[in-house]
Amino acid sequence: MTPALVIAAHGSHLNAESSTPTYTHADTIRATGAFEEVRESFWKEEPSFREALRTVDADEVYLVPLFVSEGYFTEQVIPREFRLEGWDPDLWRSDGTSATHATLTAEDTGQTVHYCGPAGTHDAMSDVIVQRAESVTGDPDVGEGFGLAVVGHGTERNENSAKAIEYHAGRIRDRGRFDEVQALFMDEDPEVDDVTEYFESDDIVVVPLFIADGFHTQEDIPEDMGLTDDYRLGYDVPTDVDGHAIWYAGAVGTEPLMADVVLERAADAGADVDAAIEQVRERTSGANPTAGD
Amino acid sequence: MHGDHVDALVATAPDGIAFDDLRVDREGDRYAFETPEETHGALSEGDLRDVAADSAYVSNWYFWHAVAPQKADRWAFLRWLEDADETALESRLDDLGDGVVSEWGQLRVTATVDDEGERRYHVRHADDARADAAALTAHEDPRAARDLAKHDRRGRYRPLKSAPTLRTGWRFADLAAADLVETVETFYPASVANWHREREGDLDITHWHETVERQTGIYGVVKTWDRGEGYEHVNWVAEACCDDSQCLKRREWHYDGETDLDVDGGDGRFPCREPCSVVIAAARQWTKLESEDTRTYEFELTPSEKEQVEGIIEAVADGRAGDIREADVYEDANRYRARFLRAKQFDEDGNLGGVPTDRDDGE
């Protein structure tokens, strides 16, 4: 029997669109036929983490967390709720952004689970951030004359959350495509509120490293950056702030190329999905962002 | 009759077949073939092919072994839909000709059979049982159920898929077996798996206490509400959240393995095996609210005003407040009545009876 792919995402009791990117990326992967079964599962919606595996036929499962960073959800909640026997964060031997996978058994179903590192820390995520900058500017060559801000929540509860942001900012900076690249945060310095102070470039693309659009990406960040006084009134892309054009991208997780990162995670854990990766990359480069509110 | 059915039968015959009133046995290099309608012995492979060619019993065997999903729970669910454990094939096929109807949550599933023995399924909302098919929006892709399940008839988000608020006005017609199960599972995730486990005596129930014990992060606080001081608080939780009026799963979890809750678990077709994320999120809020001590307030209400307060709570708790007609001032929870009570009884700071709350819990 061929292995299945299970995606674990947060979901929401309050926001109907929180799960939309998860479903959309899962559909993209389904269309490749790389897995006979692709199952979405959620912390706050159904199927719940606790019951997702029993709805899957396969004896072998690639489990990919659609989360931004290693930390509370990937190290505690998901392994506990999926009942991964013998889980220990040390199995990932990660420095906070380098988790690949660990193979375990689910206690209640007996399935073999290749538990992968989160989508957000995969190297391919850097490409999605860049792709997002291309999507929002409508310019496949965007870079020269532009600054790029990668925005994260901050380290309120988990220091790895900032590490993931800095990791991708560093990787993209090293490529030299953008004139400047900065990691900014909502809840700690350097703060996204002062975005224009961190850039000399006239044009700044701001990409929040969040999976779904919601309260933070749609309300807090646009208001904090001064794009609008009231998010309900909307804002232009770009918006002029202190003499800089701010190209605000919304959650990077809604970028179609994100489906590729999920597949890359499974591939790193041993799944035979090379052809699917190629197909997804071709189909999603330059595609429009997925619907989300 | 498909040649596939006969080929498959001949390929399997050497191992013997006994399924739904069909028996095929090997006798040396010959075969015996038996149904309630006919019995043959000493058949050559060619004879077996001839006998099998027009048999509804063979088509039936083929459907269940080559077409229907082979995972035990999905297979059992499909068998249940046509009452296969209780009804002989011959009368089942008659029934399926007319369509065998079952309800699953708010779904109405109709199973039918075509001339090749293949089952086809139709799904619509139970409240649309009598609706004209042309009046319902038709869907073919099981994934369309995702959007249908997302919002109620008023467009409000449904975080709980098993809430009895599924909207009407749609139908899925002519689904193959695998698509039927996927559609049902999209409306009610894991319902087939847990129903099957229960039937097999294998449902893994995680009771309240155990569920609360494993909570961490912002939900860890619920443990402080659960310190061996009885389980009345859990009765309240179950009464609030797990009633049939709020969730169509049948609650099978109790306080712990030894202590049953006093509140009925409901009549749902499929079981609920542990407190869900909505229950835990609500319990977190109640844990915080229930940490306050009571205090005595004194204010005056007329008897009718006291009853009106009770009526408002009832209407909101039962989800009736939005349905009360604008001019129906005979209803306690009518908006004009509520506004009058507020105008008369609240001071400028919103205090009932002009009595300050005087919170001393830091909130």
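The values are calculated or read from the model by the stated rules, or taken from the named source; none is laboratory data. This one's a predicted model, so the numbers in the text were calculated from it and none came from an experiment. Cβ atoms come from the backbone with ideal geometry, glycine included; neighbour counts cover every protein chain shown. Quick note on the areas: whole protein, heavy atoms, side chains included, nothing else; ligands and nucleic acids left out. Shrake-Rupley method; radii C 1.70, N 1.55, O 1.52, S 1.80 Å.
The magnitude of the dipole of the stretch B:29-122, with charges of +1 and -1 set on the Cβ of Lys/Arg and Asp/Glu and taken from the Cα centre, is near 560 debye. Largest GNM mean-square fluctuation across B:VAL278, B:VAL309, B:VAL123, computed for chain B with C-alpha springs under 10 Å, falls on B:VAL309.
The mean sequence distance of close C-alpha pairs (under 8 Å, at least 6 residues apart), as a share of the length of the stretch A:63-213, puts its relative contact order at 25 percent.
When the stretch B:82-181 is described by a simple charge dipole with +1 on each Lys and Arg Cβ and -1 on each Asp and Glu Cβ, the residue from B:THR168, B:SER91, B:VAL181 located farthest towards its positive end is B:THR168. What is the angle, in °, between the Cα long axis of helix A:258-268 and the longest principal axis of the Cα atoms in chain A? Nearest 10 is fine, range 0 to 90. The answer is roughly 40 degrees. Which pairs, out of A:LYS163/B:LYS288; A:LYS163/B:LYS161; B:LYS161/B:LYS288; B:LYS161/B:LYS306; A:LYS44/A:LYS163, put more than 30 Å between their alpha-carbon atoms? Beyond 30 Å between Cα atoms: A:LYS163/B:LYS288; A:LYS163/B:LYS161; B:LYS161/B:LYS306. Rg and Dmax of the protein assembly as shown, based on Cα coordinates, read 29.3, 97 Å.
Take each residue in B:183-196, count the other chain C-beta atoms within 10 Å of its C-beta, and the mean is 3.
Per residue of peptide A:40-50, the mean number of Cβ atoms on other chains within 10 Å of the residue Cβ is 5. Just add up the charged neighbours of B:VAL309: K/R +1, D/E -1, any other residue whose Cβ is under 13 Å from the Cβ of B:VAL309. Here the charged neighbours net out to -2. Would you work out which of B:HIS207, B:GLY220, B:THR296 lies farthest towards the positive end of the dipole of the stretch B:162-317? Charges go on Cβ: Lys and Arg +1, Asp and Glu -1. After comparing all options, I get B:GLY220. Of all the options A:THR22, A:THR100, A:THR109, the one that moves most in a Gaussian network model of chain A with Cα springs shorter than 10 angstrom is A:THR109. Among A:ILE211, B:ILE205, the order of accessible area from largest down is B:ILE205, A:ILE211, computed with a 1.4 Å probe on protein heavy atoms.
Beyond 18 Å, the tail of the calculated P(r) for the stretch A:126-231 holds 45 percent of the Cα pairs.
By definition, a body whose alpha carbon gyration tensor gives a ≥ b ≥ c is oblate when a/c is 1.5 or more and a/b is not larger than b/c, and the stretch B:292-333 fits this oblate description.
Once the C-beta distance of A:HIS13 and B:ASP152 is scaled by a Förster radius of 22 Å, the resulting FRET efficiency is 0.95 to the nearest 0.05. For the pair the stretch A:185-236 / the stretch B:59-111, the C-alpha centres are spaced 55 Å from each other. For the stretch A:61-159, pairs of C-alpha atoms spaced more than 23 angstrom apart make up 38 percent of the total. Along the stretch B:262-276 the Karplus relation, 6.51 cos²θ - 1.76 cosθ + 1.60 evaluated at θ = phi - 60°, assigns HN-Hα couplings of 8, 8, 5, x, x, 10, x, 6, 10, x, 10, 9, 6, x, 8 Hz to successive residues, with x for each Gly and Pro.
When the convex hull of the C-alpha atoms of the stretch B:143-267 is computed, what volume per residue in Å³ does it have?
Working: hull volume 18.2 nm³, N = 125.
Hull volume over Cα atoms, normalised by residue count, gives 146 Å³.
In chain A, a dipole from Cβ-located charges (positive for Lys and Arg, negative for Asp and Glu) runs towards its positive end, and of A:PRO118, A:GLY176, A:ILE246 it is A:PRO118 whose Cα lies farthest in that direction. When you count the other C-beta atoms within 10 angstrom of each residue and take the mean per peptide, B:215-224, B:251-260, B:286-295 line up highest first as B:251-260, B:215-224, B:286-295.
Answer rounded, prolate or oblate for the stretch A:1-125, using the Cα gyration tensor with square roots of eigenvalues a ≥ b ≥ c: rounded when a/c is under 1.5, else prolate when a/b is larger than b/c, else oblate. Here the stretch A:1-125 falls in the rounded category.
Once the C-beta distance of A:GLU37 and B:ASP21 is scaled by a Förster radius of 45 Å, the resulting FRET efficiency is 0.85 to the nearest 0.05. According to the calculation over all Cα-Cα pairs in chain A, the P(r) per 5 Å bin from zero is 1, 6, 13, 17, 19, 17, 12, 8, 5, 2, 1, 0 %.
Each Lys and Arg adds +1 at its Cβ and each Asp and Glu adds -1 at its Cβ; summed about the Cα centre, the stretch B:228-322 shows a dipole of about 600 debye.
Exposed loop sites were defined as trypsin sites (Lys or Arg not before Pro) in DSSP loop states (anything but H, G, I, E or B) carrying at most 15 other C-beta atoms within 10 Å; in chain A the longest segment without such a site runs A:158-293.
Peptide A:51-59 shows a mean partner chain C-beta count of 5 within 10 Å per residue C-beta. Simple point charges give the picture: +1 on the Cβ of Lys and Arg, -1 on the Cβ of Asp and Glu, and for the stretch A:117-202 a dipole about the Cα centre of about 520 debye. Of interest is the spacing of the C-alpha centroids, which for the stretch A:86-109 and the stretch B:294-345 amounts to 55 Å.
Taking the Kirkwood radius as Rh and the Cα radius of gyration as Rg, the stretch A:177-271 has a ratio of Rg/Rh equal to 1.04.
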